[in-house]
1. Go ahead and run the numbers for FRET between Met142 and Thr362, Cβ-Cβ distance against an R0 of 51 Å, rounding to 0.05.
2. Kindly state, to the nearest 0.05, the FRET efficiency for Lys21 paired with Asp98, given R0 = 25 Å and r defined as their beta-carbon distance.
3. Give me the one-decimal nm value for the distance between modelled label points at Glu85 and Leu49, 7 Å along each residue's Cα-to-Cβ direction.
4. Residues with beta-carbon under 12 Å from that of Leu19, excluding Leu19: net charge, scoring Lys, Arg +1 and Asp, Glu -1?
5. So between Leu112 and Glu286, what do we pick up on full extension, going 0.36 nm a residue minus the alpha carbon distance?
6. Going down the table (Lys62/Lys338; Lys25/Lys145; Lys139/Lys173; Lys338/Lys358; Lys31/Lys337), which pairs top 21 Å between alpha carbons?
Amino acid sequence: MGSRTKNPNLPEDIVNSVLLKLPVKYLLRFKSCCKSWCCSIADTEFMRLHLHKSSTDISRQKFLFFIVVEGKIRHNFSFKVLSTEASISADSKVVSLDQPNIPGLYSKVHYLQVCSCSGLVFIYHLGDSMILWNPAIRKYKMIPKPHLSQQQPGLVMHSTFGLAYDFLAEDYKILCIHDLSKTYPRYFVEIYSVKNQSWRTIDNIFPVPTDFPLSLLNDPISLNGAIYIMAISGKGNGAEFEHSVISFDLSDEKSIVTPVPSECGKHLKLHAFGDRICLMGTVGKEISIWSLEKDGKTWNNITKFPVLGTVIAKRLYSGDAIFVKGYRNIGDIMCIKKNGNVLWRKHGDRFIEYNALKNEYTEFNLKEIPQNSGNNTLYVESLVSLKIPWD
């Protein structure tokens, strides 16, 4: 051939469709290729579409494991973060992430609360800093302490945090529930707006009667602009505990209490699987997963599987089980994989992939994940920049 054939320019929509399929690390590199690619990747609508595709594709989701490490000096703690694909297997690659370089952040870390929503991770450690972190672009934002913690620190017994995205306001919001009493919990609620960079008090958002003991369980779950928290209550010594799920919609700042029927079982844990809020519970010799329907009131059993004869049963029904405040630590379901199998974390670095249809399981270890990695969260990479100055 006398001359080389030039490649035709691809239409912009085709280029964007290809870019939307790429991981964040490649998109950050490709912003330097040309001005048109840079503009496309930096476009707000492109970021939103990329985040949506990542959130709905289990193969693009990741688990973050937070490990608290005690230093050589007594009471001097630090933490490190490990990442792996959500479809964890024996061959999974575990990588260490670069933590935010914040002076003084790690000196007193001994208790972490961690939650993730729409590409961002919120980290709180007792008595110290709070940060909002995007690991994919290595940016973070310091969050000031809530007003009550600043003004009357001795009044707060415990604080529970949750992170959600308000689609109407296009704003990330942090929910903080302060527990103000040792015996009969009284609650005080504040909400932080990332867009406005400020806390404010929300009155009458907590509709649960406080004339009997009530405790919030598990880490809050974020889904579709709302935060879900499991609560347990009892009206006397020896009384049966009653479970309920409290949902906080951050767009209209209202909450709903949904009772959990007794048939959902015991040892209940709250999860978000796909676009559904689910409960995992033990019913007799079976493990059941229940889904909260769109009416916000009805629970439907979507799957159940026997555990007798499996390594899960050995953990569940043997002396190896650990009791915490009357509850048995039986491990936890981490996610439902793309092939429909259930991924189960027994303890520390021990995992089980369970095929409920065939009643078959595979147990494996990931030695890179230490035994003390108690905090983990499902996370998706994003280009979210919040349109505010990062620290």
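Each value in this text was obtained by applying a stated rule to the coordinates, not by laboratory testing. Nothing here was measured: the structure is a model prediction, and the numbers come from that model. Neighbour counts are summed over all protein chains in view; Cβ atoms, including those assigned to glycine, are modelled from backbone coordinates with ideal geometry.
1. It comes to 0.75.
2. Result of the calculation: an efficiency of 0.50.
3. Between Glu85 and Leu49, the simple spin-label model gives 2.5 nm.
4. Charge balance near Leu19 sits at +1.
5. Fully extending the segment from Leu112 to Glu286 adds 59.5 nm.
6. Lys25/Lys145; Lys31/Lys337
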